Amino acid sequence: MNILIIEDEKRVADIVAKYLENEKYKVFISYTGEDGLEVFLKEQIDVVLLDLMLPGMQGEEICKKIREVSNVYIFMISAKGTLDNKVGGFVLGADEYLVKPISPREIVARVNALKTRKDRENNEEVCIFDKGNLKIYPETRMVTAYGNEVVLTPNEFDILYHLAQSPGRVFSREQLINAVMGIDFDGFDRTIDVHIKNIRKKIEQDTKNPKFIKTVTGIGYKFDKALV
């Protein structure tokens, strides 16, 4: 994996880089936000270690600009450790928020854990849609949307996977119930509507204009074939 460190404290950046290089990662270092953004746009970066207190362009702004073009994994690092600071970081798009001082060994451990997870995902069968914005892992029943893992109930996963296996095909509510819950299901067909609503909340960026699961008025639902 290629790792970009954006940190204005040269000594800190160099020490963390050395630890990561000892683990055979390729490391890029930038001491300013502007330089870091330039390196990110030029190189194939897998992980960004982003300090917030930077000269010139602040880390928050860099995070926003990266998120406009990439779902790369971002470790946000800051001396500000309040709950509001952390929540603000996640809202901006950070995947992790680490509070200084933090040991280089812990950073390496977190990066190693991320690499292990990515290696496991890469070796597993995966259904990819919308250029990777939605990924479904049938073996482990895991789903990621826009780079973030989402937790689906068993029925929600089965409905999403069933639709995604046949992009463009329209399924009635009754067909989905029979396929996912079985013909002996004792309930209302509108149960499917509730599940679809919950799935959309978890995988869509805009639930009012859903991208993945489309409603076919008077019939049921389909998975958008254009996203395959």
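Checking each residue in segment 200-228 for being under 17 Å from SER172 (Cβ atoms) and either in contact (Cβ under 8 Å) with a residue 24 or more places away in the chain or among the hydrophobic types (A, V, I, L, M, F, W, C) (or both) picks out ILE213, VAL216, ILE219, GLY220, TYR221, LYS222, PHE223. Scanning segment 88-97 for residues that are outside any loop (DSSP other than H, G, I, E, B) and charged (D, E, K, R) gives a single hit, GLU96.
Of all residues assigned to segment 103-119, none qualifies as being within 22 Å of ASP14 (Cβ to Cβ), outside any helix (DSSP H, G or I) and either β-branched (Val, Ile, Thr) or open to solvent by less than 20 Å² (accessible area, probe 1.4 Å) (or both). Among the β-branched types (Val, Ile, Thr) and surrounded by fewer than 14 Cβ atoms within 10 Å (Cβ to Cβ) - does that describe any residue in segment 138-145? The answer is yes; a qualifying residue exists. Considering (1) in contact (Cβ under 8 Å) with a residue 40 or more places away in the chain; (2) farther than 24 Å from GLU23 by Cβ; (3) open to solvent by 30 Å² or more (accessible area, probe 1.4 Å); (4) of a type outside the set (Gly, Ala, Ser), the lone condition that GLU68 does not fulfil carries the number (1). Scanning segment 126-139 for residues that are assigned to a strand (DSSP E or B) and under 17 Å from LYS211 (Cβ atoms) returns CYS127, ILE128, PHE129, LEU134, LYS135, ILE136.
Which strands (runs of 3 or more DSSP E) sit wholly inside segment 1-87 and have at least 1 residues that are at negative phi, over 22 Å from the mean Cα position of the chain (by Cα) and not charged (D, E, K, R)?
Values: elements: 2-6, 26-30, 47-51, 73-78.
Strands (runs of 3 or more DSSP E) meeting the threshold: 26-30.
Considering each residue of segment 76-93, count those that are farther than 18 Å from VAL48 by Cα, open to solvent by less than 80 Å² (accessible area, probe 1.4 Å) and either in contact (Cβ under 8 Å) with a residue 12 or more places away in the chain or charged (D, E, K, R) (or both), and give that number.
Initially, segment 76-93 is screened for residues farther than 18 Å from VAL48 by Cα, giving 80-85, 87.
Cutting the leftovers down to open to solvent by less than 80 Å² (accessible area, probe 1.4 Å) gives us 81-82, 85, 87.
This time we only want the ones that are either in contact (Cβ under 8 Å) with a residue 12 or more places away in the chain or charged (D, E, K, R) (or both), so: 81, 85.
Total satisfying the criteria: 2.
If you check ILE107, ILE159, ILE128 for being free of Cβ contacts under 8 Å to residues at least 24 places away in the same chain and either within 28 Å of GLY218 (Cβ to Cβ) or not charged (D, E, K, R) (or both), only one passes: ILE128.
Would you check if THR116 is under 14 Å from MET1 (Cβ atoms), among the β-branched types (Val, Ile, Thr) and at pLDDT below 90? Working first, answer last.
Working: under 14 Å from MET1 (Cβ atoms): yes; among the β-branched types (Val, Ile, Thr): yes; at pLDDT below 90: yes.
Yes.
The values are calculated or read from the model by the stated rules, or taken from the named source; none is laboratory data. Since the model is a prediction, treat every value here as computed from it, not as a measurement. Backbone-built Cβ (ideal geometry, glycine too); neighbour counts: all protein chains shown. These area figures cover heavy atoms from the full protein model, side chains too; ligands, DNA and RNA do not enter into them. Shrake-Rupley method; radii C 1.70, N 1.55, O 1.52, S 1.80 Å.
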